[in-house]
Each structure stands twice: as structure tokens, then as C-alpha cells.
Amino acid sequence: MRKAPKDIQMLGAQMTMEGTLVFEGTMIINGHVKGTIESKEGTIVIGDQAVLHADIFVRHAKVSGEIRGTVKASEQIELHPPARVYGDLTAPVVLIDAGVTFDGKCTTAPKDASSGKIDDIMKKLPEGTAKDMKSSGKKAGSSDTLSVDELAAETTV
């Protein structure tokens, strides 16, 4: 279990910042930010009063405010109401609660699949899984459908 960082910074609701913000630990933002926010191991908490026109690169992001920009997290992104996000999200885990406004592209991939190439992922699969289905002649989206029994037969080790 990861030890909770004790270093917590805050940008209050009446504050405005423009430029590049680099931090460690946890950053709580309730104000306005324009620019870039970075933390290799940090967590950012965007309060419901916050308005950000920024690209964000962190370990973990918890969002309840407004973001116009890209959010990339090495572990997880959480969007909670009344969050409004207009931009792309990229993380191994993305959680979007009901009541959130999201307009963008969401990309999820395991940490170890950072190359993003499907062939690299397929090579790591054990024998008898989807790797073998690739060579079985079945094509995704074809008019042939597999029953549960057929699928089980093709994926058994």
C-alpha cells in the first residue's frame, strides 16, 4: 500500500495562476489556472469551484471542477459531479460518475502496455487465448458469430 504523502498544497478559490505548476505530494485547486500542471508522483484534486485551461500530467487526478485541456495520469483519473471536462483523458483507470459532463476522447491501457501496440499485448497472452483466435480465421465484425460454447472451445488451453 502506498504511503499517503504529507505534503499538501492549495490554490484557493480567489487565486489565479498562469504558467507551469510543478508540485510533489497533493495539490488542491479551487481557483483558476491557465497553463500546464505536472507532478510525476503527485495527486491533484480539482474542486468544484475550479476552472482550469490547462494540460495536466500527474499520477492521480480527482476532478469535480472544470477543465479545458488534456489530463494524463499514470495511475487513475476520477471525475465526480459537477465536473465538466472538455478534452482528452488518458490513464490505466478512468472513473466517470453519473452527472459529469465529458466531451473528449478517453484512452485506457494497463501501465505495462505503454507502447500501445496491440501486437505487444497479444504476445504476452498465454497459449489458448485471444492470440490463437487471431489466427483462427475469425474476423471481428464479420457476419459469423460465435456461440458461448464455440468461444469457450476456441479459448481453452
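Numerical summary
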quantity: Label-point separation in nm, Val22 to Lys34, each point 7 Å along Cα→Cβ; calculated: 2.3
quantity: Radius 11 Å from Cβ of Pro81, net charge of other residues (Lys, Arg +1; Asp, Glu -1); calculated: -1
quantity: Low-density loop positions, trypsin sites (Lys or Arg not before Pro), segment 24-92 - DSSP coil, at most 14 other Cβ in 10 Å; calculated: Lys40
quantity: Label-point separation, Arg68 to Gln49 (7 Å along Cα→Cβ), nm; calculated: 2.1
quantity: Shape of segment 52-97, Cα gyration tensor, a/c cut at 1.5; calculated: oblate
quantity: Neighbourhood charge, 13 Å Cβ-Cβ cut-off, centred on Ala91 and excluding it, Lys, Arg +1 and Asp, Glu -1; calculated: +2
quantity: Charge tally in the Cβ shell below 11 Å around Ile37, where Lys, Arg are +1 and Asp, Glu are -1, Ile37 excluded; calculated: 0
quantity: Segment 1-72 shape via C-alpha gyration tensor axes, a/c threshold 1.5; calculated: prolate
quantity: About the Cα centre, charge dipole magnitude for segment 8-109 (Lys/Arg +1, Asp/Glu -1 at Cβ), debye; calculated: 80
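No value in this document is a laboratory result; all are computed from the given coordinates. Model, not experiment: these values are computed from the prediction. Note: ideal-geometry Cβ built from the backbone for every residue, glycine included; neighbour counts use all protein chains shown.
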